[in-house]
1. Among 62, 133, rank each residue by its count of other Cβ atoms within 10 Å, from fewest to most, as a rough exposure measure.
2. Normalising by the residue count of the chain, find the relative contact order in percent from Cα pairs under 8 Å and 6+ residues apart.
3. Using +1 at the C-beta of Lys and Arg and -1 at the C-beta of Asp and Glu, which of 106, 163, 53 has the Cα lying farthest in the positive direction of the dipole of the chain?
4. Find how much the distance from residue 41 to residue 195 grows on full extension, using 0.36 nm per residue of separation minus their present alpha carbon separation; answer in nm with one decimal.
5. Expressed as a whole number of Å, what is the distance separating the alpha-carbon centroids of the stretch 102-142 and the stretch 152-200?
6. Say the dipole of the chain comes from +1 at the beta carbon of Lys and Arg and -1 at that of Asp and Glu; which of 137, 119, 40 then lies farthest toward its positive end?
7. Which ³J(HN,Hα) values, rounded to whole Hz and listed in residue order, are derived for the stretch 93-102 from phi using the Karplus coefficients 6.51, -1.76 and 1.60 in 6.51 cos²θ - 1.76 cosθ + 1.60 with θ = phi - 60°, glycine and proline given as x?
8. For a label point 7 Å from the Cα of residue 137 along Cα→C-beta, name the residues of the stretch 82-103 whose backbone N is under 19 Å from it.
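What follows is calculated from the coordinates using simple rules that are stated; it is not laboratory data. Just so it is clear, the structure is predicted and the values come from calculations on it, not from any experiment. Ideal geometry is used to build each Cβ from the backbone, glycine not excepted, and the neighbour counts take in all protein chains shown.
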Amino acid sequence: MLSWLNQARILSRMSAAVSNNAPLGASGTPASRPLRFAPAAALAGGLEAAIAGGDGAAGAHCIHELWMRGELAVNIETALERLWRGAAASIPDWLPMRHIEWLPLAYDVAGRFQPRRRGRSNIYMVLLDYRDCRADSYGIYVGETRYPIADRFDQHKAGIRAAGSVLRRGLEVLVGLSTHLQGISRADALDIEERLAVALGAEGLLVQGGH
């Protein structure tokens, strides 16, 4: 039987296949929480082993699971900093670079939406920085695009068909929230983009985009 740590490594590779238009419903994304049943001590030990071994993918799954369980912000921030120092080259793009208090809630909301048909459109969400003007430090932008989502973020930041909120306040793409919403039909993307933005706003998040 595979250990939970080896399972995390395998599933992290599978998540890359999802980003490359693997069949809908493929497992291994952060939303599937492959370490959901790992005890706390095993997560702590796995994170230490991942950092020591430079295994960013395994470390990311450990941090993600702690995050989803409501681990203290200071502990998540410390774990992220240590993983970036020790394994930057192999950290998957779905792991955020900073602590976001509402990330577990956003995963729950995003998981309610499933596409019906495949296509060439992608849903993406961007973390927005409001630390200079709001008590709630971060907001979220919801968009849809035919481009790879990292490329679309770069376009926003370069002022190309840019949303002002992303141009001025966009920090990073929250890749993990929409891995199941890549390579979908345009009709599904337009529908989900709007309804997802409304659903996130209904949960109290500051939302931009969605149209």
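1. Values: 62 27, 133 7.
Result, fewest neighbours first: 133, 62.
2. Rounded, it is 21 percent for the chain.
3. It is 163.
4. Numbers: separation 154, 0.36 × 154 = 55.44 nm, distance 3.89 nm.
Taking residue 41 through residue 195 to full extension adds about 51.6 nm, to one decimal.
5. Centre-to-centre distance over Cα atoms comes out at 8 Å.
6. 119
7. Listing the rounded values in order: 6, 7, 7, x, 8, 8, 6, 10, 4, 8 Hz.
8. So the set is 82-85, 95-103.
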